[in-house]
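A.B. asks: The following block contains the structure, expressed as structure tokens.
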Amino acid sequence: MKKRDLENFDFIKSKFDEAMPDIPLTLDERVIERKIVSKEENRVIKIKTNKRIHYRAIASAAACLLLFFGLLFAVSQRDDNPPVIDTPAQVEAFKNYDELNTMIDTLNNRAAQAKAILDASDLDGPQLGGGDNEAYTNSHIDGVTDADTIVTDGRYIYYSYEDSNWDSTFSVLRIYRVNGSETELVAEINTDAENSKMFIKDMFLYNNRLVVNITNYNKDEYLSHSDDLTLTRIYDVSNPENPKLVSEFSQTGEYVSAKMIGNIAYIVSSYSVSENSEKHRIPEIGNGNETSRLEAENITCFEDACNSQYAVISPINIETGERAGNTKAVLGASKYVYCTKDSMYLLKYSVEFGQDYIAEISNLNTDELSIIRADIKNGEILFTASGKVKGYIDNVNVMNESNGFFTIVTTKLDKQDKPVANTLYVLDKDLKVVGKTEDFAAGKRVQTVLFTDNKAYVSLFHNETPVLAVVDLSNKKAPVVESSVELGGVMHKVVSVNKNQILGIGSLVEPAGEGGNYQHGLRLVLLDVSSDNTKIIDSFETDAYSLNGWYDTGVDMFIDDETNSYVTSVGFMDEEGRWSCDGMLKFRINNNHFEINKETDEFYDEYKDGYHSSGSIDIGDYIYSFSHGGSIGEYDFVISAHKYK
């Protein structure tokens, strides 16, 4: 190649590098490679031509080929890692609505059969796992932001509160100007001025855009039926004291969760088809007043689904205020969704109670937990793998994806929904099990899991003797439980302190009733994990505080790395063990010991009789804590600013 030609080629390549266009998932180089090397037969169409040779056309085609391979070369040199897209084929979708309706009929029959079996038994069911429980969000995943009830840009706080009470207060979003103890309310957004049946669930803040997720429990005029509806509204908050509505989207089903990856929000709702319903079987989406049904080819199904409940996933471009791709749905899915920046994992809606009875009659292996993975990029959603493990889960904090492997810890249950044992599974990119532990922690149920590079720290409990099991993951094909330690309390959150220590925060527990338990107070545990013999270094417990929030939203915890200090939301108890007010508690870890100074480390929220904590956020040296209270129809909110640094 001549020097000038080489310079021209380098110039053209540099322009491709600068442009760096986003490549759709369907054109990802590894997908194309698999299609090229696969042995699929393609239909060949013969075209009759005359004998004349068009040299100009041939030259043009050659130039196009040069341009094409130049583009491939430029794309192949990109520095960023491509998405997880190593699977050769997509999970099969429905071909048409007839096929989909036939499956819904089958699933409704299965559900009715299971209910009849359980009604005729002496069990407490029917109760269905993954359908009725709250699906706590996964947090601290690189590149993924979970929606929250409190968000901030550092200058303003955007706050919403949702409760089971039907009250118009819960459809109002409040905006506060941050100024320490002088913080003030400057604006409100009333999302439901008319019927007070809309609840703000949570929100994102992206640059000057506020994304608000809402569940509407009433019939919405935009849709053709009266089932629960999820609304997503985008507001321009370039002037936070005067927010402007930009766009609104809707999708059928009750709101479950939302994940923000870059400028794309993925909104997940759960939609159940009513028994014996011949209408409203297909999820719908709306943009303002325009609505449409999902296409059948955008819907897939768990092969062993046991009911007709959809997980509906809509990608929205926050910057443009438009849909970023096709809305997709999975039939037979639960509310449990785990998400990384490249993948989304959905779990099957599963039967917990009476599994042996149902398996015997309906030929369903009901103790299997099926998983579907979707690869996601720039709003495109492709269902690319499916797999199965044994057991059940109670929240998404038992799952992890790292270095191409998906890990999940499950609990096996007996006929009465009592835990039998637990297993950690490791699955590959195709969701095939490549390794698993032996059953461990008999008679206990997983509470939460802390995953590190080569370890999983599993907090377990059921009625008595809470424990922490440590699983060595250094060999993905042969994970092993290397140690177990009794904790003296139920740990609802486990975090890393440093490479040799972890911290557990939870509650004290006492037996209560027939096989029940009573959780109270606060217990902190510092553990040494530097060897394969995990042990407690120090602990702290008291009934002067009670841990707030662990049962519905998770544990609020703020960390000051400079002073090795931690702050968590607590309730303050009086000498007779009765709640007096809420606030924040600060504690330090100094020379492997917990330190608490009651004079300086207790932060009381502004007190009003009957008011309780409803969330907190840290900005700079302050933690801003919210409390709510009052009677139905007359709820009020109080914000307290605590200087903790």
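The values are calculated or read from the model by the stated rules, or taken from the named source; none is laboratory data. These numbers were taken from a predicted model, which means no experiment stands behind them. Methodologically, a virtual Cβ is constructed for each residue, glycine included, from the backbone with ideal geometry; neighbour enumeration extends over all protein chains shown. The area values use the complete protein model at the heavy-atom level, side chains included, leaving out ligands, DNA and RNA. Shrake-Rupley method; radii C 1.70, N 1.55, O 1.52, S 1.80 Å.
A.B. asks: Could you provide, to the nearest whole Å², the per residue accessible area of segment 262-335 with probe 1.4 Å? Please list the in-between numbers first.
C.D. replies: On the way: 2670 Å² over 74 residues.
Here the per-residue accessible area is 36 Å².
A.B. asks: With the cut-off at 18 Å, tell me which of the pairs K493/K645; K201/K335; K95/K388; K586/K643; K95/K377 have Cα atoms farther apart than that.
C.D. replies: Values: K493/K645 23 Å; K201/K335 15 Å; K95/K388 24 Å; K586/K643 11 Å; K95/K377 24 Å.
Beyond 18 Å: K493/K645; K95/K388; K95/K377.
A.B. asks: Subtracting the Cα-Cα distance from 0.36 nm times the residue separation, let me have the gained length for E482 to E562 in nm, one decimal.
C.D. replies: Values: separation 80, 0.36 × 80 = 28.80 nm, distance 3.25 nm.
Extra length from E482 to E562 when fully extended: 25.5 nm.
A.B. asks: Once you put a point 7 Å from the Cα of E303 and another 7 Å from the Cα of N592, both along the Cβ direction, what distance in nm separates them?
C.D. replies: 5.2
A.B. asks: Between K432 and T465, what length in nm is gained on full extension when 0.36 nm per residue of separation is reduced by their alpha carbon distance?
C.D. replies: Length gained, K432 through T465: 8.5 nm.
A.B. asks: Just to confirm the filter: which trypsin sites (Lys or Arg not before Pro) across segment 461-540 are DSSP coil and have at most 14 other Cβ within 10 angstrom of their Cβ?
C.D. replies: Within segment 461-540, the qualifying trypsin sites (Lys or Arg not before Pro) (loop, at most 14 other Cβ atoms within 10 Å) are K477, K499.
A.B. asks: Taking 0.36 nm per residue of separation and subtracting the Cα-Cα distance, what length does fully extending E319 through S402 add?
C.D. replies: 26.9 nm
A.B. asks: Along the Cα-to-Cβ line of K95, 7 Å from the Cα, sits a label point; which residues in segment 268-290 have backbone N less than 14 Å from it?
C.D. replies: What the label zone holds, given the 14 Å backbone N cut-off, is no residue at all.
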